[in-house]
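The values are calculated or read from the model by the stated rules, or taken from the named source; none is laboratory data. Given the structure is predicted, the values throughout are model-derived calculations rather than measurements. No Cβ is skipped: glycine too gets one built from the backbone with ideal geometry, and neighbour counts run over all protein chains shown. Areas reflect the complete protein model, heavy atoms only, side chains present, ligands, DNA and RNA absent. Shrake-Rupley method; radii C 1.70, N 1.55, O 1.52, S 1.80 Å.
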Amino acid sequence: MNVEKIMSDLEKKHPGEVEYLQAVREVIETIEDVYNENPQFEANGIIERLIEPDRILTFKVPWTDDEGKVHVNLGYRVQFNGAIGPYKGGLRFHPSVNLSILKFLGFEQIFKNSLTTLPMGGGKGGSDFNPKGKSDREIMRFCQSFMMELWKLIGPETDVPAGDIGVGGKEIGYMFGMYKKLAREHSGVLTGKGRNWGGSLIRPEATGFGNVYFAKEMLATKGETFEGKTVVISGFGNVAWGAALKVTELGGKVVAISGPDGYVYDKDGISGKKIDYMLQLRATNEDIVKPYSYEFGAEFHQGKRPWEVKCDVALPCATQNELGKEDALTLVKNGCICVSEGANMPCTPEAVEVFLENKVLFGPGKAANAGGVATSGLEMSQNSMKLSWTRDEVDEKLHRIMCDIHEACVKYGKDDTGFVNYVKGANIAGFLKVADAMVEQGVI
Ligand code: NDP
Ligand code: 2IT
């Protein structure tokens with residue numbers, strides 16, 4: 001494989017799709033050796049077939065606001081690769097959404113889903129719709145309009161979307177309602193459903209829990225635990241709150257958490273009812289973290305990112321490319337020993353390089369945040385069997401899966417000095433399973 005040739009051809013075909021090109025480059029650079037050692041991959045054009053999505057659906061989503069004004073957003077579904085199972089991946093509603101972002105997310109999802117050990121292909125979708133400041137009825141009308149197009153492409157054995165940024169239980173509910181009406185079936189077509197209509201326990205907190213389980217395994221390779229560790233988390237969404245809960249449960253102290261308005265530093269730790277309070281703030285759609293500082297006497301740092309806070313462990317859980325080289329250097333200087341990505345691709349390639357050079361335990365998103373989609377996979381299993389597992393059963397399976405993912409990363413990422421490059425490990429382990437399946441299924 002010639003990495004530079006592949007990248008320059010791809011760039012010519014898709015100019016300006018920076019996030020997508022960034023994600024592809026990271027994977028192909030790390031799998032190059034394994035690819036070249038297996039001539040059947042080149043003979044079957046695996047890389048050329050893997051880096052282009054199977055198909056992309058683009059559609060308009062018209063909806064009417066509470067004042068009667070008509071709006072038009074763009075909707076997408078990228079079905080990237082279905083070699084090991086039905087397409088599976090979230091839907092993102094955020095004004096920044098474009099095809100480059102959804103293609104990067106769909107591409108990452110292929111390897112992440114492969115790592116979970118469950119039979120799921122990779123996909124992603126969403127819209128540039130901004131749910132912030134919208135009423136419930138506006139969100140409902142948008143979700144219904146979105147599903148009136150999307151339903152033709154998805155199904156419990158074809159493509160199973162879920163949540164991501166801006167899409168939580170409420171949006172999944174509205175979309176499921178419309179799918180059910182159009183398809184005339186009550187099935188596991190979406191995950192992250194409500195508990196009473198097919199949802200799985202633990203799914204809302206699964207990504208955050210899984211991220212902390214993964215970090216726990218990384219720390220254990222150095223004889224360390226979360227007990228007494230200082231932790232900093234970015235974002236305050238679905239992923240961040242699950243991570244904050246689990247860190248606290250394992251004896252760590254979350255001292256900073258960020259929202260769109262800046263970050264709070266609370267030396268006493270953000271736990272228990274303080275997390276409940278932040279969840280309430282989030283539900284109001286207002287500034288997220290500033291009121292926290294009044295309520296609990298914590299410091300508020302307007303418009304700043306939390307990476308300047310001294311910590312042992314950093315968990316970036318907001319969005320892509322939110323932690324750059326300077327942030328990474330600051331974290332290293334302050335003694336941070338572990339970074340585990342709750343978000344997808346939150347660290348820039350330059351930041352990742354800093355962590356690897358300084359032998360920081362670095363868990364890439366496609367391994368470290370796979371707990372969310374893994375629990376979606378467990379939801380699909382429960383739907384197929386028409387039964388539901390207890391909280392403990394789901395949590396135990398999630399924990400096992402995260403340990404297995406860690407083991408796979410170590411298997412393929414450990415070098416002669418004993419250092420584990422989890423980026424390389426995750427990419428190779430995720431890739432091999434998909435590539436073997438593609439070879440076995442022929443050129444399609
Ligand atoms: P939420 O919408 O619940 O929260 C996202 C948080 O990130 C919010 O605080 C949001 O602030 C902030 N954010 C979003 N976009 C941007 C941006 N462009 N710039 C700065 N801040 C931003 O989403 P989730 O918690 O579900 O997702 C967070 C991350 O985790 C994403 O990268 C997602 O892909 C990833 N992930 C999610 C999984 C899931 O199951 N939900 C599973 C695996 C990964 P604001 O509202 O102001 O934009
Ligand atoms: O990025 C992700 O893995 C998710 N948003 C979850 C996808 C899913 O299908 O549960």
So is Phe93 over 20 Å from the mean Cα position of the chain (by Cα) and either open to solvent by 20 Å² or more (accessible area, probe 1.4 Å) or within 16 Å of ligand 2 (Cβ to nearest atom) (or both) or not? no
Do any strands (runs of 3 or more DSSP E) entirely within region 196-306 hold 1 or more residues that are in contact with a His (Cβ under 9 Å, 6 or more places away or on another chain), and if so, which? 253-259, 262-265
Every residue in region 350-374 that is under 25 Å from Asn238 (Cα atoms), away from ligand 2 (no atom under 16 Å from the Cβ) and open to solvent by 10 Å² or more (accessible area, probe 1.4 Å), please. Val352, Leu361
Here the residues within region 172-194 that are more than 17 Å from the chain's Cα centre (by Cα), more than 16 Å from Arg77 (Cα to Cα) and within 13 Å of ligand 2 (Cβ to nearest atom) are Gly188, Lys193
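Yes/no matrix, rows are residues, columns are (1) of a type outside the set (Lys, Arg); (2) touching a residue at least 40 places away in the same chain (Cβ under 8 Å); (3) away from ligand 1 (no atom under 11 Å from the Cβ):
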site: Asp159; (1), (2), (3): yes, yes, yes
site: Gly163; (1), (2), (3): yes, yes, no
site: Gly168; (1), (2), (3): yes, yes, no
site: His186; (1), (2), (3): yes, no, yes
site: Val189; (1), (2), (3): yes, no, yes
site: Asn211; (1), (2), (3): yes, yes, no
site: Val264; (1), (2), (3): yes, no, yes
site: Asp268; (1), (2), (3): yes, no, yes
Hey, can you tell me all the residues within region 105-127 that are more than 11 Å from ligand 1 (Cβ to nearest atom) and out of contact with any strand residue (DSSP E or B) (no Cβ under 7 Å at 6 or more places or on another chain)? Phe111, Ser114, Leu115, Thr116, Thr117, Leu118, Pro119
Output the number of residues of region 308-328 satisfying the condition of being in contact (Cβ under 8 Å) with a residue 40 or more places away in the chain, away from ligand 1 (no atom under 14 Å from the Cβ) and not small (Gly, Ala, Ser). 5
Name the helices (runs of 4 or more DSSP H) wholly inside region 331-444 in which the number of residues that are under 21 Å from Asn211 (Cα atoms) and either β-branched (Val, Ile, Thr) or in contact with a His (Cβ under 8 Å, 6 or more places away or on another chain) (or both) is 3 or more. 391-413
Kindly check whether there is at least one residue in region 330-337 that is away from ligand 2 (no atom under 16 Å from the Cβ), within 27 Å of Asp268 (Cα to Cα) and among the hydroxyl-bearing types (Ser, Thr, Tyr). yes
Residue pairs meeting the criteria (Cβ under 6 Å; at least 6 apart or on separate chains; first within 11 Å of ligand 1 (Cβ to nearest atom), in region 356-384; second hydroxyl-bearing (Ser, Thr, Tyr) and part of a helix (DSSP H, G or I)): Asn369/Thr207; Gly371/Thr207; Gly372/Thr207
